[in-house]
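Here is the structure we will look at, set down as C-alpha coordinates.
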Amino acid sequence: MAKYPLSRRQFIHLGSGAIAATTVAKSILQPRLLSATARPVAPSDTVRFASIGTGVRGCEHLQASLEVPGIQCVAVCDLYDGRHIAAQEAVNNPSVPATRDYRTILDRKDVDSVLIATMDHQHRHIFEDACAAGKDVYCEKPMSHTVEDGFAMVEAAHKHNRMVAVGSQRVSSVLYAKAKEIYNSGKLGEVFSINAYWDRNSPSGAWVYPIPPDASEKTIDWNTFLGNAPKKSFDPVRFFRWRCFTDYGEGLGGDLFVHLLSGIQFIAGINEPALRAQSSGGLYHFKDGREFPDLIETLYDYPNCRLTLRCNLNNNGGEFIGFYGTKGTMIIKDATLTYKPEDTRPEPEGYSVFGWPKALRDQYLQKWHAEHPEPAALRWSVDGEGESYANPPGYSDTVDHQANFYNAVRTRKPVVENEVFGNNAAIGCHLANFSYFNKTVAVWDSSQKKIVKG
Ligand SMILES: NC(=O)c1ccc[n+]([C@@H]2O[C@H](COP(=O)([O-])OP(=O)(O)OC[C@H]3O[C@@H](n4cnc5c(N)ncnc54)[C@H](O)[C@@H]3O)[C@@H](O)[C@H]2O)c1
(Lines give C-alpha, C1' and ligand atoms only; values in the text may rest on other atoms or scores of the structure.)
Protein backbone atom coordinates (compact mmCIF):
# COMPACT_ATOMS: atom_id res chain seq x y z
CA MET A 1 0.00 0.00 0.00
CA ALA A 2 1.28 3.49 -0.83
CA LYS A 3 2.38 5.53 2.14
CA TYR A 4 -0.16 8.23 1.36
CA PRO A 5 -3.13 6.51 -0.26
CA LEU A 6 -5.42 8.76 -2.31
CA SER A 7 -7.94 10.51 -0.12
CA ARG A 8 -11.58 10.42 -1.23
CA ARG A 9 -11.26 14.02 -2.35
CA GLN A 10 -8.19 13.33 -4.47
CA PHE A 11 -9.88 10.24 -5.93
CA ILE A 12 -13.05 12.11 -6.82
CA HIS A 13 -10.99 14.99 -8.19
CA LEU A 14 -9.30 12.64 -10.65
CA GLY A 15 -12.62 11.03 -11.46
CA SER A 16 -14.42 14.31 -12.02
CA GLY A 17 -11.60 15.44 -14.32
CA ALA A 18 -12.37 12.46 -16.46
CA ILE A 19 -16.09 13.27 -16.28
CA ALA A 20 -15.42 16.85 -17.29
CA ALA A 21 -13.39 15.66 -20.24
CA THR A 22 -15.94 13.11 -21.43
CA THR A 23 -19.50 13.66 -20.31
CA VAL A 24 -20.16 17.29 -19.22
CA ALA A 25 -22.17 18.57 -22.13
CA LYS A 26 -21.61 22.13 -23.27
CA SER A 27 -24.77 24.26 -23.22
CA ILE A 28 -25.08 26.77 -26.01
CA LEU A 29 -26.36 30.00 -24.52
CA GLN A 30 -29.26 31.84 -26.10
CA PRO A 31 -29.02 35.56 -26.84
CA ARG A 32 -30.81 37.60 -24.20
CA LEU A 33 -34.02 39.47 -24.84
CA LEU A 34 -32.19 42.69 -25.46
CA SER A 35 -30.29 41.10 -28.27
CA ALA A 36 -30.87 42.66 -31.62
CA THR A 37 -32.68 39.80 -33.30
CA ALA A 38 -35.22 39.41 -30.51
CA ARG A 39 -36.38 42.94 -29.86
CA PRO A 40 -38.35 44.97 -32.39
CA VAL A 41 -38.54 48.74 -31.81
CA ALA A 42 -41.37 51.05 -32.91
CA PRO A 43 -40.32 53.43 -35.73
CA SER A 44 -41.10 56.41 -33.49
CA ASP A 45 -38.46 55.12 -31.06
CA THR A 46 -35.67 55.16 -33.63
CA VAL A 47 -32.44 56.58 -32.19
CA ARG A 48 -30.38 58.60 -34.66
CA PHE A 49 -26.68 58.37 -34.05
CA ALA A 50 -23.38 59.50 -35.53
CA SER A 51 -20.01 57.81 -35.30
CA ILE A 52 -17.05 60.03 -34.41
CA GLY A 53 -13.95 58.03 -35.31
CA THR A 54 -14.51 55.47 -38.04
CA GLY A 55 -11.26 53.54 -37.97
CA VAL A 56 -11.08 49.84 -37.22
CA ARG A 57 -13.44 49.86 -34.25
CA GLY A 58 -15.72 52.57 -35.60
CA CYS A 59 -16.32 50.53 -38.77
CA GLU A 60 -16.88 47.39 -36.68
CA HIS A 61 -19.53 49.32 -34.77
CA LEU A 62 -21.16 50.61 -37.93
CA GLN A 63 -21.44 47.07 -39.29
CA ALA A 64 -22.80 45.82 -35.96
CA SER A 65 -25.31 48.69 -35.86
CA LEU A 66 -27.06 47.18 -38.90
CA GLU A 67 -28.16 44.31 -36.61
CA VAL A 68 -29.46 46.54 -33.83
CA PRO A 69 -33.15 47.35 -34.26
CA GLY A 70 -34.42 50.91 -34.02
CA ILE A 71 -31.26 52.87 -34.72
CA GLN A 72 -30.06 54.83 -37.72
CA CYS A 73 -26.63 56.17 -38.57
CA VAL A 74 -27.10 59.75 -39.79
CA ALA A 75 -23.50 60.98 -39.98
CA VAL A 76 -19.92 59.80 -39.76
CA CYS A 77 -16.79 61.71 -38.85
CA ASP A 78 -13.08 60.97 -39.12
CA LEU A 79 -9.79 62.81 -39.56
CA TYR A 80 -8.59 60.49 -42.34
CA ASP A 81 -10.59 60.81 -45.56
CA GLY A 82 -10.17 57.14 -46.47
CA ARG A 83 -12.19 56.32 -43.40
CA HIS A 84 -15.15 58.37 -44.63
CA ILE A 85 -15.46 55.90 -47.48
CA ALA A 86 -14.81 52.92 -45.19
CA ALA A 87 -17.59 54.14 -42.88
CA GLN A 88 -20.07 54.66 -45.72
CA GLU A 89 -19.25 51.15 -46.93
CA ALA A 90 -19.62 49.70 -43.42
CA VAL A 91 -23.08 51.16 -43.02
CA ASN A 92 -24.09 50.28 -46.62
CA ASN A 93 -24.99 53.89 -47.31
CA PRO A 94 -22.71 55.86 -49.67
CA SER A 95 -24.70 59.03 -49.07
CA VAL A 96 -24.48 59.19 -45.28
CA PRO A 97 -22.86 62.60 -44.63
CA ALA A 98 -19.16 62.41 -43.73
CA THR A 99 -17.06 65.17 -42.17
CA ARG A 100 -13.70 65.80 -40.50
CA ASP A 101 -15.27 68.18 -37.95
CA TYR A 102 -17.35 66.52 -35.23
CA ARG A 103 -18.72 69.87 -34.05
CA THR A 104 -20.91 70.08 -37.15
CA ILE A 105 -22.51 66.82 -36.01
CA LEU A 106 -23.04 68.04 -32.46
CA ASP A 107 -24.79 71.14 -33.88
CA ARG A 108 -27.42 68.95 -35.57
CA LYS A 109 -30.68 68.77 -33.63
CA ASP A 110 -31.64 65.46 -35.29
CA VAL A 111 -28.67 63.57 -33.79
CA ASP A 112 -29.66 61.87 -30.51
CA SER A 113 -26.40 60.18 -29.62
CA VAL A 114 -22.78 59.80 -30.68
CA LEU A 115 -20.45 56.86 -30.71
CA ILE A 116 -16.88 57.92 -29.90
CA ALA A 117 -14.34 55.51 -31.39
CA THR A 118 -11.31 57.75 -31.64
CA MET A 119 -7.84 57.30 -30.23
CA ASP A 120 -7.99 57.38 -26.43
CA HIS A 121 -6.41 60.84 -25.97
CA GLN A 122 -9.29 62.32 -27.98
CA HIS A 123 -12.09 60.77 -25.91
CA ARG A 124 -12.37 63.43 -23.22
CA HIS A 125 -12.96 66.61 -25.20
CA ILE A 126 -15.35 64.98 -27.68
CA PHE A 127 -17.22 63.36 -24.77
CA GLU A 128 -17.48 66.68 -22.89
CA ASP A 129 -18.61 68.57 -26.02
CA ALA A 130 -21.18 65.86 -26.84
CA CYS A 131 -22.63 65.95 -23.31
CA ALA A 132 -22.81 69.74 -23.41
CA ALA A 133 -24.63 69.50 -26.75
CA GLY A 134 -27.25 67.21 -25.15
CA LYS A 135 -26.17 63.99 -26.89
CA ASP A 136 -26.05 60.60 -25.20
CA VAL A 137 -22.66 58.96 -25.58
CA TYR A 138 -21.30 55.52 -26.30
CA CYS A 139 -17.56 55.95 -25.67
CA GLU A 140 -15.07 53.27 -26.54
CA LYS A 141 -12.85 51.77 -23.88
CA PRO A 142 -10.69 52.72 -22.12
CA MET A 143 -12.93 55.64 -21.21
CA SER A 144 -10.03 57.89 -20.22
CA HIS A 145 -6.46 58.60 -21.25
CA THR A 146 -5.60 59.92 -17.77
CA VAL A 147 -7.18 59.72 -14.32
CA GLU A 148 -8.01 63.42 -14.54
CA ASP A 149 -9.77 62.96 -17.89
CA GLY A 150 -11.94 60.20 -16.43
CA PHE A 151 -13.29 62.29 -13.55
CA ALA A 152 -13.91 65.26 -15.86
CA MET A 153 -15.95 62.96 -18.12
CA VAL A 154 -18.01 61.62 -15.20
CA GLU A 155 -18.72 65.19 -14.18
CA ALA A 156 -19.77 66.18 -17.71
CA ALA A 157 -22.18 63.23 -17.99
CA HIS A 158 -23.75 64.03 -14.62
CA LYS A 159 -23.91 67.78 -15.20
CA HIS A 160 -25.77 67.35 -18.48
CA ASN A 161 -27.78 64.31 -17.38
CA ARG A 162 -26.61 62.11 -20.25
CA MET A 163 -26.89 58.36 -20.79
CA VAL A 164 -23.41 56.89 -21.22
CA ALA A 165 -22.12 53.46 -22.16
CA VAL A 166 -18.43 52.63 -22.16
CA GLY A 167 -17.31 50.13 -24.74
CA SER A 168 -16.08 46.95 -23.06
CA GLN A 169 -18.74 44.86 -24.72
CA ARG A 170 -18.16 41.70 -22.66
CA VAL A 171 -20.25 43.35 -19.97
CA SER A 172 -23.28 42.76 -22.24
CA SER A 173 -22.28 39.27 -23.35
CA VAL A 174 -24.52 36.26 -22.71
CA LEU A 175 -21.46 34.31 -21.54
CA TYR A 176 -20.58 36.91 -18.91
CA ALA A 177 -24.21 37.13 -17.82
CA LYS A 178 -24.09 33.36 -17.18
CA ALA A 179 -20.80 33.75 -15.32
CA LYS A 180 -22.34 36.47 -13.14
CA GLU A 181 -25.34 34.21 -12.42
CA ILE A 182 -22.99 31.44 -11.27
CA TYR A 183 -20.92 33.89 -9.22
CA ASN A 184 -24.03 35.34 -7.53
CA SER A 185 -25.50 31.89 -6.83
CA GLY A 186 -22.81 31.29 -4.21
CA LYS A 187 -21.65 28.13 -5.99
CA LEU A 188 -18.08 29.44 -5.98
CA GLY A 189 -18.16 30.11 -2.23
CA GLU A 190 -15.90 32.99 -1.27
CA VAL A 191 -13.61 34.17 -4.05
CA PHE A 192 -10.37 35.69 -2.83
CA SER A 193 -8.29 35.00 -5.93
CA ILE A 194 -8.96 36.00 -9.54
CA ASN A 195 -6.47 35.53 -12.34
CA ALA A 196 -6.76 36.68 -15.93
CA TYR A 197 -4.62 36.94 -19.03
CA TRP A 198 -4.88 37.91 -22.66
CA ASP A 199 -1.96 36.83 -24.81
CA ARG A 200 -1.44 37.35 -28.56
CA ASN A 201 1.43 36.45 -30.83
CA SER A 202 1.33 38.28 -34.15
CA PRO A 203 2.34 41.68 -35.53
CA SER A 204 -1.34 42.62 -35.82
CA GLY A 205 -1.92 41.58 -32.20
CA ALA A 206 0.98 43.90 -31.32
CA TRP A 207 -0.61 46.79 -33.31
CA VAL A 208 1.94 46.72 -36.14
CA TYR A 209 -0.82 47.70 -38.56
CA PRO A 210 0.02 48.41 -42.23
CA ILE A 211 -0.06 52.07 -43.25
CA PRO A 212 -2.55 52.82 -46.08
CA PRO A 213 -0.65 53.93 -49.22
CA ASP A 214 -2.58 57.22 -49.50
CA ALA A 215 -1.73 58.38 -45.95
CA SER A 216 -0.45 61.96 -46.09
CA GLU A 217 -0.99 65.37 -44.57
CA LYS A 218 -3.51 65.98 -47.37
CA THR A 219 -5.66 62.98 -46.49
CA ILE A 220 -5.23 63.22 -42.69
CA ASP A 221 -5.93 66.17 -40.37
CA TRP A 222 -2.68 65.71 -38.44
CA ASN A 223 -2.95 68.74 -36.14
CA THR A 224 -6.42 67.82 -34.96
CA PHE A 225 -5.18 64.28 -34.34
CA LEU A 226 -2.43 65.66 -32.09
CA GLY A 227 -4.94 67.77 -30.17
CA ASN A 228 -3.48 68.51 -26.74
CA ALA A 229 -0.64 66.03 -27.24
CA PRO A 230 2.90 67.41 -27.81
CA LYS A 231 3.43 68.86 -31.29
CA LYS A 232 5.20 66.51 -33.71
CA SER A 233 5.71 66.57 -37.45
CA PHE A 234 3.53 64.25 -39.55
CA ASP A 235 4.23 60.63 -38.77
CA PRO A 236 1.80 57.99 -40.09
CA VAL A 237 3.25 55.41 -37.70
CA ARG A 238 2.05 57.51 -34.78
CA PHE A 239 -1.37 57.96 -36.39
CA PHE A 240 -2.03 54.33 -37.35
CA ARG A 241 -0.12 52.60 -34.52
CA TRP A 242 -1.07 55.08 -31.81
CA ARG A 243 -1.48 52.41 -29.10
CA CYS A 244 2.33 52.12 -28.96
CA PHE A 245 2.75 55.73 -27.78
CA THR A 246 2.02 57.25 -24.38
CA ASP A 247 0.75 60.52 -25.89
CA TYR A 248 -2.30 58.82 -27.43
CA GLY A 249 -2.86 55.41 -25.80
CA GLU A 250 -2.07 53.29 -22.77
CA GLY A 251 -0.46 50.21 -24.36
CA LEU A 252 -1.67 46.83 -23.17
CA GLY A 253 -3.30 48.39 -20.10
CA GLY A 254 -5.73 50.45 -22.17
CA ASP A 255 -6.13 47.92 -24.94
CA LEU A 256 -6.65 44.63 -23.09
CA PHE A 257 -6.42 44.97 -19.29
CA VAL A 258 -9.45 47.21 -19.37
CA HIS A 259 -11.56 44.49 -21.05
CA LEU A 260 -10.46 41.94 -18.45
CA LEU A 261 -11.06 44.41 -15.61
CA SER A 262 -14.51 45.36 -16.92
CA GLY A 263 -15.52 41.69 -17.20
CA ILE A 264 -14.25 40.95 -13.69
CA GLN A 265 -15.88 44.08 -12.24
CA PHE A 266 -19.18 43.05 -13.82
CA ILE A 267 -19.11 39.40 -12.73
CA ALA A 268 -17.78 40.00 -9.22
CA GLY A 269 -19.89 43.11 -8.60
CA ILE A 270 -16.86 45.35 -8.04
CA ASN A 271 -17.32 49.02 -8.87
CA GLU A 272 -14.32 50.76 -7.39
CA PRO A 273 -10.64 51.05 -8.28
CA ALA A 274 -8.14 48.64 -6.73
CA LEU A 275 -6.46 49.84 -3.53
CA ARG A 276 -3.03 49.37 -5.10
CA ALA A 277 -1.27 47.71 -7.99
CA GLN A 278 2.21 46.47 -8.73
CA SER A 279 3.42 45.75 -12.27
CA SER A 280 6.42 44.22 -13.88
CA GLY A 281 7.20 43.40 -17.48
CA GLY A 282 9.32 44.63 -20.35
CA LEU A 283 9.73 45.24 -24.05
CA TYR A 284 11.28 42.01 -25.27
CA HIS A 285 10.40 41.52 -28.92
CA PHE A 286 8.63 44.47 -30.58
CA LYS A 287 11.53 46.91 -30.34
CA ASP A 288 10.14 49.15 -33.09
CA GLY A 289 10.31 52.49 -31.29
CA ARG A 290 7.24 51.91 -29.16
CA GLU A 291 7.03 53.23 -25.63
CA PHE A 292 5.00 50.45 -24.00
CA PRO A 293 6.09 46.96 -22.91
CA ASP A 294 5.06 43.89 -24.90
CA LEU A 295 4.64 41.94 -21.67
CA ILE A 296 3.05 43.30 -18.52
CA GLU A 297 1.92 41.52 -15.38
CA THR A 298 0.08 43.34 -12.62
CA LEU A 299 -1.02 42.31 -9.14
CA TYR A 300 -4.02 44.24 -7.83
CA ASP A 301 -5.27 44.42 -4.25
CA TYR A 302 -9.01 44.96 -3.83
CA PRO A 303 -10.60 45.15 -0.37
CA ASN A 304 -11.90 41.56 -0.59
CA CYS A 305 -9.76 39.82 -3.18
CA ARG A 306 -6.48 39.73 -5.09
CA LEU A 307 -6.36 39.91 -8.84
CA THR A 308 -3.48 39.12 -11.17
CA LEU A 309 -3.52 40.19 -14.81
CA ARG A 310 -1.07 39.48 -17.63
CA CYS A 311 -0.86 40.52 -21.23
CA ASN A 312 1.89 39.01 -23.33
CA LEU A 313 2.38 39.81 -27.02
CA ASN A 314 4.86 36.94 -27.38
CA ASN A 315 2.61 33.90 -26.99
CA ASN A 316 -0.83 33.06 -28.36
CA GLY A 317 -2.49 32.02 -25.08
CA GLY A 318 -5.80 33.76 -25.87
CA GLU A 319 -8.17 35.26 -23.35
CA PHE A 320 -8.73 33.75 -19.90
CA ILE A 321 -10.36 34.69 -16.60
CA GLY A 322 -10.33 32.33 -13.60
CA PHE A 323 -12.29 32.79 -10.37
CA TYR A 324 -10.93 30.55 -7.62
CA GLY A 325 -13.46 30.13 -4.81
CA THR A 326 -13.72 28.10 -1.65
CA LYS A 327 -16.47 25.96 -3.20
CA GLY A 328 -15.61 25.93 -6.87
CA THR A 329 -13.64 27.30 -9.81
CA MET A 330 -15.07 29.19 -12.77
CA ILE A 331 -13.06 29.68 -15.94
CA ILE A 332 -13.84 31.81 -18.96
CA LYS A 333 -11.57 30.77 -21.84
CA ASP A 334 -12.25 32.69 -25.03
CA ALA A 335 -15.94 31.92 -25.84
CA THR A 336 -16.40 29.10 -23.32
CA LEU A 337 -17.37 29.14 -19.64
CA THR A 338 -16.84 26.23 -17.26
CA TYR A 339 -17.68 25.79 -13.61
CA LYS A 340 -16.22 23.00 -11.52
CA PRO A 341 -17.23 22.45 -7.89
CA GLU A 342 -14.77 21.60 -5.14
CA ASP A 343 -15.54 18.60 -2.97
CA THR A 344 -15.84 20.39 0.36
CA ARG A 345 -17.29 17.52 2.40
CA PRO A 346 -15.23 16.83 5.54
CA GLU A 347 -12.63 14.08 5.44
CA PRO A 348 -10.14 12.80 7.98
CA GLU A 349 -6.59 14.11 7.96
CA GLY A 350 -4.77 11.87 5.46
CA TYR A 351 -1.27 13.31 5.51
CA SER A 352 0.23 14.38 8.80
CA VAL A 353 -1.17 11.41 10.79
CA PHE A 354 1.26 9.18 8.89
CA GLY A 355 3.90 10.70 11.16
CA TRP A 356 2.03 9.31 14.20
CA PRO A 357 2.42 5.86 15.80
CA LYS A 358 -0.05 3.43 14.18
CA ALA A 359 -2.05 2.99 17.37
CA LEU A 360 -2.69 6.73 17.71
CA ARG A 361 -3.44 7.06 14.01
CA ASP A 362 -5.98 4.22 14.10
CA GLN A 363 -7.56 5.72 17.19
CA TYR A 364 -7.84 9.11 15.46
CA LEU A 365 -9.32 7.62 12.28
CA GLN A 366 -11.78 5.47 14.20
CA LYS A 367 -12.99 8.46 16.19
CA TRP A 368 -13.23 10.60 13.10
CA HIS A 369 -15.31 8.06 11.18
CA ALA A 370 -17.57 7.57 14.19
CA GLU A 371 -18.21 11.33 14.23
CA HIS A 372 -18.64 11.56 10.42
CA PRO A 373 -20.70 8.66 9.09
CA GLU A 374 -20.11 8.27 5.32
CA PRO A 375 -22.99 9.16 3.03
CA ALA A 376 -24.68 6.18 1.39
CA ALA A 377 -22.62 4.92 -1.55
CA LEU A 378 -25.09 6.01 -4.23
CA ARG A 379 -25.04 9.56 -2.94
CA TRP A 380 -21.29 9.80 -3.48
CA SER A 381 -20.94 12.22 -6.32
CA VAL A 382 -19.36 15.60 -6.73
CA ASP A 383 -22.15 18.17 -6.59
CA GLY A 384 -23.38 18.89 -10.06
CA GLU A 385 -20.24 17.49 -11.71
CA GLY A 386 -19.52 20.81 -13.38
CA GLU A 387 -21.11 22.97 -16.03
CA SER A 388 -19.98 24.22 -19.39
CA TYR A 389 -21.42 26.92 -21.64
CA ALA A 390 -20.57 28.47 -25.00
CA ASN A 391 -21.69 31.44 -27.04
CA PRO A 392 -24.18 30.72 -29.83
CA PRO A 393 -22.53 30.47 -33.28
CA GLY A 394 -21.96 33.90 -34.84
CA TYR A 395 -22.82 35.65 -31.56
CA SER A 396 -21.73 39.31 -31.23
CA ASP A 397 -21.53 40.94 -27.82
CA THR A 398 -20.90 44.23 -29.60
CA VAL A 399 -24.44 44.05 -31.02
CA ASP A 400 -25.82 43.33 -27.53
CA HIS A 401 -23.72 46.12 -25.99
CA GLN A 402 -25.06 48.60 -28.53
CA ALA A 403 -28.62 47.29 -28.03
CA ASN A 404 -28.28 47.83 -24.27
CA PHE A 405 -27.02 51.38 -24.80
CA TYR A 406 -29.80 52.38 -27.21
CA ASN A 407 -32.33 50.85 -24.85
CA ALA A 408 -30.94 53.14 -22.11
CA VAL A 409 -31.24 56.11 -24.48
CA ARG A 410 -34.95 55.30 -24.91
CA THR A 411 -35.79 54.39 -21.32
CA ARG A 412 -33.33 56.73 -19.50
CA LYS A 413 -32.37 53.79 -17.29
CA PRO A 414 -28.55 53.61 -17.07
CA VAL A 415 -26.59 50.65 -18.39
CA VAL A 416 -24.27 48.68 -16.08
CA GLU A 417 -21.13 49.93 -17.81
CA ASN A 418 -21.93 53.60 -17.36
CA GLU A 419 -19.46 56.46 -16.86
CA VAL A 420 -18.66 55.53 -13.23
CA PHE A 421 -18.06 51.87 -14.05
CA GLY A 422 -16.01 52.77 -17.12
CA ASN A 423 -13.95 55.28 -15.15
CA ASN A 424 -13.15 52.72 -12.45
CA ALA A 425 -12.07 50.14 -15.04
CA ALA A 426 -9.86 52.72 -16.78
CA ILE A 427 -8.24 53.67 -13.46
CA GLY A 428 -7.15 50.01 -13.26
CA CYS A 429 -5.14 50.42 -16.46
CA HIS A 430 -3.66 53.72 -15.26
CA LEU A 431 -2.60 52.08 -11.97
CA ALA A 432 -0.85 49.30 -13.92
CA ASN A 433 1.04 51.74 -16.14
CA PHE A 434 1.93 54.08 -13.26
CA SER A 435 3.49 51.16 -11.41
CA TYR A 436 5.31 49.87 -14.50
CA PHE A 437 6.82 53.21 -15.54
CA ASN A 438 7.65 54.43 -12.01
CA LYS A 439 8.93 51.04 -10.82
CA THR A 440 6.88 51.39 -7.66
CA VAL A 441 3.67 50.23 -6.05
CA ALA A 442 0.84 52.42 -7.37
CA VAL A 443 -1.60 53.38 -4.61
CA TRP A 444 -5.10 54.68 -5.32
CA ASP A 445 -5.74 57.76 -3.17
CA SER A 446 -9.53 57.95 -3.28
CA SER A 447 -9.76 61.22 -1.31
CA GLN A 448 -7.54 63.04 -3.79
CA LYS A 449 -8.76 60.96 -6.76
CA LYS A 450 -5.23 60.33 -7.89
CA ILE A 451 -2.51 57.69 -8.04
CA VAL A 452 0.43 58.10 -5.65
CA LYS A 453 3.64 56.17 -5.12
CA GLY A 454 3.43 53.42 -2.50
N1 LIG B 1 -14.22 47.46 -27.56
C2 LIG B 1 -13.34 46.90 -28.35
O3 LIG B 1 -13.27 45.69 -28.50
C4 LIG B 1 -12.36 47.78 -29.08
C5 LIG B 1 -11.62 47.25 -30.16
C6 LIG B 1 -10.76 48.12 -30.83
C7 LIG B 1 -10.63 49.43 -30.42
N8 LIG B 1 -11.35 49.89 -29.37
C9 LIG B 1 -11.22 51.30 -28.96
O10 LIG B 1 -11.80 52.08 -29.99
C11 LIG B 1 -11.08 53.32 -30.13
C12 LIG B 1 -10.57 53.42 -31.57
O13 LIG B 1 -9.69 52.36 -31.84
P14 LIG B 1 -9.39 51.93 -33.35
O15 LIG B 1 -8.66 50.66 -33.32
O16 LIG B 1 -10.63 52.02 -34.16
O17 LIG B 1 -8.40 53.10 -33.79
P18 LIG B 1 -8.16 53.64 -35.27
O19 LIG B 1 -6.85 54.31 -35.28
O20 LIG B 1 -8.39 52.53 -36.24
O21 LIG B 1 -9.34 54.68 -35.47
C22 LIG B 1 -9.44 55.86 -34.71
C23 LIG B 1 -9.98 56.94 -35.63
O24 LIG B 1 -10.35 58.07 -34.83
C25 LIG B 1 -10.24 59.18 -35.67
N26 LIG B 1 -10.18 60.42 -34.86
C27 LIG B 1 -9.27 60.77 -33.94
N28 LIG B 1 -9.56 61.97 -33.43
C29 LIG B 1 -10.68 62.39 -34.06
C30 LIG B 1 -11.46 63.55 -33.99
N31 LIG B 1 -11.15 64.57 -33.16
N32 LIG B 1 -12.55 63.66 -34.79
C33 LIG B 1 -12.87 62.65 -35.64
N34 LIG B 1 -12.16 61.52 -35.75
C35 LIG B 1 -11.08 61.39 -34.97
C36 LIG B 1 -8.95 58.95 -36.43
O37 LIG B 1 -8.92 59.69 -37.62
C38 LIG B 1 -8.97 57.45 -36.64
O39 LIG B 1 -9.37 57.10 -37.96
C40 LIG B 1 -9.98 53.27 -29.09
O41 LIG B 1 -10.42 53.94 -27.93
C42 LIG B 1 -9.81 51.80 -28.80
O43 LIG B 1 -9.30 51.52 -27.53
C44 LIG B 1 -12.21 49.09 -28.72
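Hey, which lysines would be in cross-link range of Lys218, C-alpha to C-alpha under 25 Å, not counting anything within fewer than 8 residues on its own chain?
Filter leaves Lys231, Lys232.
Return the calculated 222 nm mean residue ellipticity for the chain, to the nearest 500 deg cm²/dmol, obtained by summing -39500 (n - 2.57) across DSSP H runs with n ≥ 4 and dividing by the residue count.
Mean residue ellipticity, 222 nm, calculated: -9500 deg cm²/dmol.
Between Thr118 and residues 5 or more places away or on another chain, which pairs have amide H atoms under 5 Å apart, with H built 1.01 Å from N, and which residues are they?
Distant-sequence amide H within range of Thr118: Glu140.
Expressed as a whole percentage, what fraction of the accessible surface of segment 198-336 belongs to carbon and sulfur atoms when a 1.4 Å probe is rolled over the protein heavy atoms?
50
Rounded to whole Å, give me the distance from the Cα center of segment 407-422 to that of segment 113-130.
That distance is 17 Å.
Only Cα pairs under 8 Å and at least 6 apart count here; give the relative contact order of the chain as a rounded whole percent.
Worked out over the chain, it gives 22 percent.
What's the Kirkwood radius of segment 315-363 in Å, using all Cα pairs?
Value: 14.3 Å, from the Cα pair sum.
What are the ³J(HN,Hα) couplings of segment 130-140, residue after residue, when phi is run through the Karplus curve with 6.51, -1.76, 1.60 and θ = phi - 60°? Round to Hz, x for glycine and proline.
In residue order, the calculated couplings are 5, 4, 4, 7, x, 9, 6, 10, 9, 10, 4 Hz.
Under a straight-distance cross-link criterion of Cα-Cα below 20 Å, which aspartates and glutamates are reachable from Lys178, leaving out those fewer than 8 residues away in the same chain?
The reachable aspartates and glutamates, counting only those whose Cα sits under 20 Å from Lys178, are Glu190, Glu319, Asp334, Glu342, Asp383, Glu385, Glu387, Asp397, Asp400, Glu417.
Taking only protein heavy atoms into account and a 1.4 Å probe, give the accessible area per residue of segment 65-129 in Å².
I get 41 Å² per residue for this part.
Quick query: amide H of Asn314 versus all other amide H atoms, modeled in the peptide plane; which residues come in under 5 Å with a sequence gap of 5 or more or a different chain?
Those lying under 5 Å, H to H, from Asn314 are Arg200.
Order the peptides 68-77, 300-309 from the highest to the lowest mean number of other Cβ atoms within 10 Å of their residues.
By packing density, highest mean first, the sequence is 68-77, 300-309.
Note the count of lysine pairs whose C-alpha atoms are less than 25 angstrom apart in segment 327-454, limited to pairs 8 or more residues apart or on different chains.
Summing the qualifying lysine pairs gives 5.
For segment 327-454, with equal point scatterers placed on the C-alpha atoms only and solvent neglected, what are the log10 I(q)/I(0) values from the Debye formula at q = 0.09, 0.12, 0.14, 0.21 1/Å, to two decimals?
-0.67, -0.87, -0.93, -1.20
Per residue, what accessible area does segment 232-353 have, given a 1.4 Å probe and all protein chains present, in Å²?
Accessible surface, normalised per residue, equals 38 Å².
Between segment 75-90 and segment 324-341, what's the alpha-carbon centroid distance in Å?
Segment 75-90 and segment 324-341 have Cα centres spaced 41 Å from each other.
In µm²/s, what is D for segment 259-323 at 10 °C and 1.306 mPa s, where D = kT/(6 pi eta Rh) by Stokes-Einstein and Rh is the Kirkwood radius from Cα pairs?
D, rounded to a whole number, is 120 µm²/s.
With θ set to phi - 60°, apply the Karplus curve 6.51 cos²θ - 1.76 cosθ + 1.60 along segment 99-110 and write out the HN-Hα couplings as whole Hz, x wherever there is a Gly or Pro.
Running phi through 6.51 cos²θ - 1.76 cosθ + 1.60 with θ = phi - 60° gives 9, 8, 10, 5, 5, 5, 6, 5, 6, 6, 6, 8 Hz.
I need the Kirkwood Rh of the chain: take the reciprocal of the average 1/r across all distinct C-alpha pairs and report it in angstrom.
By the Kirkwood definition, the hydrodynamic radius is 24.2 Å.
What is the angle, in °, between the Cα long axis of helix 147-159 and the longest principal axis of the Cα atoms in the chain? Nearest 10 is fine, range 0 to 90.
That works out to roughly 70 degrees.
In the chain, what percentage of the DSSP-assigned beta bridges are antiparallel, given to the nearest 5?
That works out to approximately 60 percent antiparallel.
Consider just the alpha-carbon atoms of segment 29-149 and return their Rg together with their Dmax, both in angstrom.
When restricted to Cα atoms, segment 29-149 yields Rg and Dmax of 14.4, 42 Å.
The values are calculated or read from the model by the stated rules, or taken from the named source; none is laboratory data. Values in this document were obtained by computation on a predicted structure and should not be read as measured data. Note that we place each Cβ from the backbone using ideal geometry, even for glycine, and neighbour counts take in every protein chain shown. When the accessible area is computed, the model is the full protein with side chains, heavy atoms only, and any ligands, DNA or RNA have been set aside. Shrake-Rupley method; radii C 1.70, N 1.55, O 1.52, S 1.80 Å.
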